[in-house]
Amino acid sequence: MSRRFDYLAGTALAAFLALGLAMPLAARTQPEADVETTDNAGMGTDDLTPAAGTPADPTHAAQPAAPDGASATPLPDATPEAAKAAIPDAMEPSRDSKPAAVAMPEDPPAPPAAPEAPDAVTAAPLPEVAPAAPSEPAVAAPAPEAAPAIPNPPATAAAPEPVAPAPEAPAQNAASPQPAAPAVAATPEAPAADPVSEALAALLAGLDLGKFVAQKPEQEALVAFYAGRGGKPAFLSGRELSPLSVAVRAQFAASGEDGLSPSDYAVAAPSTGASDVTLAETELRMAAATLTYARHLQSGRFDPSRISAGVTPLRTPPDPAKVLQDVSGAADPRAVLTSYAPQYEGYGRLKAKLAELRAEVGSVPPPQVPQGRVLRPNMDDPRVPLLRTRLGVQGDVDSMTYDHDLVEAVKQFQEKLDQPANGIIGKATIAALNDTGEARISDIVANMERWRWLPHDVAPSYVMVNIPEFMVRIVRDGKLFHETKVVVGKPENQTPLLTHDMEYVVFNPAWNVPPGIARKEMLPKLASDPYALSRQGIDVVRNGRVVDPGSIDWSRGTQGYSFRQPPGERNALGNIKFMFPNKHSVYLHDTPSRSLFANARRAYSHGCVRVFEPLKFGEAIFALGMPTDTWSQQRIAKMKGGSEKYVNLKQRFPVHLVYFTSFVDDEGRLVSREDLYGINAQTKLMLGLDGARRVADRGVVPAAR
């Protein structure tokens, strides 16, 4: 009872002070006869009824203490003796102390209504108590808005029946009573953190992200991605896979269509009752698999330079942070993932052919033709009927003669395989005829992998040299503009794989012999015949001056001498060369040995690419690099002769030296070419297409060639 009284008294005091501060000065200086003060602490609102005709004015519910020199108006029929009997000694305020300011909460609850008194006890109103004159004004917090206004009792109200004295307050509060602090509203508890998010944060903060993704940029992308999401999972919804995961997993399952292995991206769905840590790991594994898939599809499954030092293509892996952002925010995540595949037409053709062959492999295999003697036109052989069936050639089913129609069909088949199209059936032709499709599928997958070694963004115009095909093509505004035959490097002097921009053209070039060629090929000739190079028009140079090769002891090596062939008809570079500077020092150029272009297998150079009909090729190059100028074949021919001349191109475009042994021609036929440098076999080995399962990113490194 005492504590409740303290609380209500404190609240009433705060209300008095607040209203007193808020009232206009005129209202606070009214004659004391116009103001009635009453303290209703301890009463419920039901115990008080306004007098007839008296409005329930809030200003009468709680008045400030009277100013100095004024006396408070006593309650009707209340005497000082009754007041002293009603208030315990412990509750008398000390006249020597200042009223304590009551600290109020920002949004305090309304004071609870006093419980109704038992039938045998009637609650007594507080008697008049003369307030102590404060030495200085006390400033109180505003009264709670929720406190109800309590009207004054009618002047004629009868005095209530006396009640038993209130119990004494504790002795330690007797000297200077302090009002009880009002109750403060409880702050709502913050919602419990998601336990899976907490487990995910712990994994991301750890040092073992390498078990999810091996590459540092992808680890950093994972941390940044979830930081941007406030730690919330993207691939989980509650404790199950989210719709995003469903779409991404469907794309992973279809990755075989692009020659990838679905098992490289497999992530098990969480089981019922999985722990928070297991769910967090599933979230990270899904994100990591998404990054791996996008990187594999766009830039390949291993570093191509592991094949050899001459394999240096310009790959462009996707930005891992952008991958996560784009895939997670897309309405169609599968469409986003599909966009990471190479956008070149050659890749799309191989993908379609891969689906076609896989459908054939699942059907009835072609009839097998036994190996035997070499079969030539017009010979009789019991395998002829099988050959007719295998190649779909009509004729007498009982005839054993290798006739003209069948010979022509064999020639077409051999041409597709890049074999000599002579109609002679040997072991290689029989092996190709008996191929059920598995070998061709592996070749297609390996070649699709090498398409990923090109820059992902397809330039509107570019030059592409396909080494195994011995061809160069110029694409302008996305369409074939020019193509011609080329000579490429010998297997012992391989043309490298690379991408660099075409920058300038040199007319009447001098040939500065590379040191490797001078050491391996020219030095042995000089040792036996000092003037062997002179007869080829090649000078021996020391400090910029031509020297007599017969005066040099070539048994001591090149000794700092260099070799240079000046411009002229015998120059190995011909009359023009096309420069795309690179670390391998290779380029496209003319050649005086034009008879080599008549051969089907054209691997004769030291690594550079020799171009057939260089004037036509140059005209096409200038059309791309000098679009506002007219560089006809006639103008180019007039540049022939004299000293070296350089023409810088106004517009640059990429030159791709590539290696495709399998491709689909314009008629939709799968064409195979000789694996000239063994790069296709090495690619299949790295991908595990030889039957051994390997992790794509950490495949077995083949021996250096």
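The values are calculated or read from the model by the stated rules, or taken from the named source; none is laboratory data. Here the structure is a predicted model, which is why all the values come from computation and not from measurement. A quick note on method: Cβ atoms are made from the backbone with ideal geometry, for glycine too, and the neighbour counts reach across all protein chains shown. Heavy atoms of the whole protein, side chains included, go into the accessibility calculation; ligands, DNA and RNA do not. Shrake-Rupley method; radii C 1.70, N 1.55, O 1.52, S 1.80 Å.
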Are any of the residues in the stretch 557-569 out of contact with any Cys (no Cβ under 8 Å at 6 or more places or on another chain), part of a strand (DSSP E or B), basic (Lys, Arg) and touching a residue at least 24 places away in the same chain (Cβ under 8 Å)? yes
Across (1) within 55 Å of the chain's Cα centre (by Cα); (2) of a type outside the set (Lys, Arg); (3) open to solvent by 20 Å² or more (accessible area, probe 1.4 Å), ASP529 clears everything bar (1)
Leading residue by the ranking (nearest to the chain's Cα centre (by Cα)) among those in the stretch 545-560 that are open to solvent by 50 Å² or more (accessible area, probe 1.4 Å) and within 16 Å of PRO515 (Cα to Cα): GLY560
Within the stretch 619-635, which residues are β-branched (Val, Ile, Thr) and either over 16 Å from VAL506 (Cβ atoms) or touching a Lys or Arg at 6+ places or on another chain (Cβ under 6 Å) (or both)? THR628, THR630
Residue check: is VAL611 touching a Cys at 6+ places or on another chain (Cβ under 6 Å), touching a residue at least 12 places away in the same chain (Cβ under 8 Å), of a type in the set (A, V, I, L, M) and closer than 23 Å to LEU497 by Cα? no
If you take the residues of the stretch 562-604 that are hydroxyl-bearing (Ser, Thr, Tyr) and closer than 20 Å to GLU492 by Cβ, which of them is farthest from the chain's Cα centre (by Cα)? SER593
Taking only pairs six or more apart or across chains, which ones have beta-carbon atoms under 7 Å, a first residue in the stretch 452-481 that is in contact (Cβ under 8 Å) with a residue 24 or more places away in the chain, and a second residue that is among the aliphatic types (A, V, I, L, M) and open to solvent by 30 Å² or more (accessible area, probe 1.4 Å)? PRO455/LEU314
Just a yes or no: is a residue in the stretch 694-702 part of a strand (DSSP E or B) and either at pLDDT below 95 or out of contact with any Phe, Trp or Tyr (no Cβ under 7 Å at 6 or more places or on another chain) (or both)? no
Members of the stretch 386-411 found to be assigned to a helix (DSSP H, G or I), modelled with pLDDT under 90 and surrounded by fewer than 14 Cβ atoms within 10 Å (Cβ to Cβ), listed by number: THR389
Within the stretch 640-684, track down each residue that is within 18 Å of GLN494 (Cβ to Cβ) and either in a loop (DSSP other than H, G, I, E, B) or at pLDDT below 95 (or both). TYR659, PHE660, THR661, ARG673, GLU674, ASP675, LEU676, TYR677, GLY678
Residue ID - most open to solvent (accessible area, probe 1.4 Å), chosen from residues in the stretch 264-289 that are assigned to a loop (DSSP other than H, G, I, E, B) and over 30 Å from GLY688 (Cα atoms): THR272
What number of residues within the stretch 431-457 are touching a strand residue (DSSP E or B) at 6+ places or on another chain (Cβ under 9 Å) and either within 19 Å of VAL374 (Cα to Cα) or part of a loop (DSSP other than H, G, I, E, B) (or both)? 5
Residue in the stretch 346-374 that is surrounded by the fewest Cβ atoms within 10 Å (Cβ to Cβ), counting only those that are among the β-branched types (Val, Ile, Thr) and farther than 17 Å from LYS427 by Cα: VAL364
Can you tell me which residue in the stretch 478-526 is farthest from ILE467 (Cα to Cα), limited to those that are of a type in the set (S, T, N, Q) and crowded, with 18+ Cβ neighbours inside 10 Å? ASN508
Of the numbered conditions (1) free of Cβ contacts under 8 Å to residues at least 24 places away in the same chain; (2) open to solvent by less than 40 Å² (accessible area, probe 1.4 Å); (3) within 25 Å of ALA331 (Cβ to Cβ); (4) under 15 Å from the mean Cα position of the chain (by Cα), GLN219 fails exactly one; give the number of that condition. (3)
Count of residues meeting criterion [touching a residue at least 24 places away in the same chain (Cβ under 8 Å) and surrounded by 12 or more Cβ atoms within 10 Å (Cβ to Cβ)] in the stretch 375-385: 3
For the stretch 618-639: of the residues being of a type in the set (S, T, N, Q) and in a helix (DSSP H, G or I), which is farthest from the chain's Cα centre (by Cα)? GLN634
Suppose the filter is surrounded by fewer than 14 Cβ atoms within 10 Å (Cβ to Cβ) and either under 25 Å from VAL486 (Cα atoms) or small (Gly, Ala, Ser) (or both); does PRO581 pass it? yes
For the stretch 496-546, what are the residues that are of a type in the set (S, T, N, Q) and modelled with pLDDT of 95 or more? THR499, ASN508
Identify the single condition in (1) touching a residue at least 60 places away in the same chain (Cβ under 8 Å); (2) touching a Phe, Trp or Tyr at 6+ places or on another chain (Cβ under 7 Å); (3) in a helix (DSSP H, G or I) that PRO318 does not satisfy, given that it satisfies every other one. (3)
Pairs only if they're at least six apart or on different chains, beta carbon under 9 angstrom, first in the stretch 229-245 and part of a loop (DSSP other than H, G, I, E, B), second of a type in the set (Lys, Arg) and open to solvent by 40 Å² or more (accessible area, probe 1.4 Å); list them, first residue then second. PHE235/ARG285
